[in-house]
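Student: I'd like to ask you about the structure that follows.
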Amino acid sequence: MPRRDTCQCLFLSIEFVLCIVALCVFVHGHASGLRTALWTVGGEQGWNSNPRLRIYFYANHREPPEIPSVWTESLADSLLGIAIISTAFWMTRMVLFQCSIGPPWIGATYDLILSGLWTYGVKAQSSSDLTDTQHLSEQPWYLQQSCADISGDDGVLCGHGRACFSVAVVCMYDGPGSSFHLLANADSLGAINDRIFYFCRAVWSVLRLAYWCGQYDVLDRCVDLIGELSFGSRWERQHEDSRHFFDNPRDAAEGIGHDRDFCGC
């Protein structure tokens, strides 16, 4: 099997795994009412608007504010639909590969369409909730709060929300890998127009990834997380040293006496 066919099989296998994972995650989220559950948990904790308070608008004969798009079940429907479309595109790629038909630009067109759909999914899942002026939320709480600090079912919901967001991000940038591979094997494409097309496609994807990381402060959050972990480990070492110091009464008494002599007490 030629090298190009081997690499294409590898990319098809990776895409198949992503499609299966996306289907499992978004089918479960659609069936369990994940968006509404996340909205309710955030409202009870004061991280965003509370859906339970909407009943007071109806009691006072007032029109409640529009439900933020990040909490609507239509978003869950859209994400599931995008996962199904991705699976259908993968099946089409597989048929074209097995039959050895279709020019290379067909796969690039599929990448462009899927990247646009998954970009919408990522943007919608990270959109704001500004309907409650006392509890403004520029980003969903499951992307801002630490799921490890949330116990019980709420922590499970937080992890599920992050899983949906992470899968969408990975699927959004699945296309650049195949574009870079085709660029590396540009001699097999034949035409200079194909080389330019795939080069522009790969560069555009990398620039979009850099823009997304800057928009959501991904690097800053990673640095803060590393700082918190290092500070926590340093605090644990200091706490362990102090506990060991007071576990030995003789060392503690000698240390206190030395401090008194030094101070002249």
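Each value in this text was obtained by applying a stated rule to the coordinates, not by laboratory testing. Bear in mind the structure is a predicted one, so any value in this text is a computation, not a measurement. Here the Cβ positions follow ideal geometry from the backbone for every residue, glycine too, while neighbour counts run over all protein chains shown.
Student: What are the chymotrypsin sites (Phe, Trp or Tyr not before Pro) within segment 9-76 that DSSP puts in a loop, where the Cβ has at most 12 other Cβ atoms within 10 Å?
Tutor: Those that pass, being in a loop and sparsely packed, number zero.
Student: Calculate the translational D of segment 1-62 in whole µm² s⁻¹ from Stokes-Einstein, where the hydrodynamic radius comes from the Kirkwood formula applied to all Cα pairs, the temperature is 20 °C and the viscosity 1.002 mPa s.
Tutor: Roughly 140 µm²/s, to the nearest whole number.
Student: Here's a follow-up. Mind checking segment 26-76 for trypsin sites (Lys or Arg not before Pro) that DSSP puts in a loop (not H, G, I, E or B) and that have at most 13 other Cβ atoms within 10 Å?
Tutor: Those that pass, being in a loop and sparsely packed, are Arg62.
Student: Extending each Cα 7 Å along its Cβ direction at Tyr56 and Gln134, get the distance between those two points in nm, one decimal.
Tutor: 0.6 nm
Student: While we're here: Can you sort Cys19, Cys24, Cys99 so the residue with the fewest Cβ neighbours within 10 Å comes first?
Tutor: Ascending number of Cβ neighbours within 10 Å: Cys99, Cys24, Cys19.
Student: Here's a follow-up. Using θ = phi - 60° and the Karplus form 6.51 cos²θ - 1.76 cosθ + 1.60, what ³J(HN,Hα) does each residue of segment 55-62 get, whole Hz, x for Gly and Pro?
Tutor: 5, 5, 5, 5, 5, 9, 6, 10
Student: Between Val156 and Ser69, how many nm apart are label points set 7 Å from Cα along the C-beta direction?
Tutor: 3.1 nm
Student: Taking R0 as 41 Å, what's the FRET efficiency between Ser146 and Ile101 from their Cβ-Cβ distance, rounded to 0.05?
Tutor: With a Förster radius of 41 Å, E is 0.25.
Student: Could you give each residue of segment 153-158 its phi-based ³J(HN,Hα) in whole Hz, using Karplus coefficients 6.51, -1.76, 1.60 with θ = phi - 60°, and x for Gly or Pro?
Tutor: 5, 5, x, 5, 4, 4
Student: Ordered by residue, what ³J(HN,Hα) values in Hz, to whole numbers, does segment 85-93 give under the Karplus form 6.51 cos²θ - 1.76 cosθ + 1.60, where θ = phi - 60° and Gly and Pro are x?
Tutor: Running phi through 6.51 cos²θ - 1.76 cosθ + 1.60 with θ = phi - 60° gives 4, 4, 5, 5, 5, 5, 4, 5, 4 Hz.
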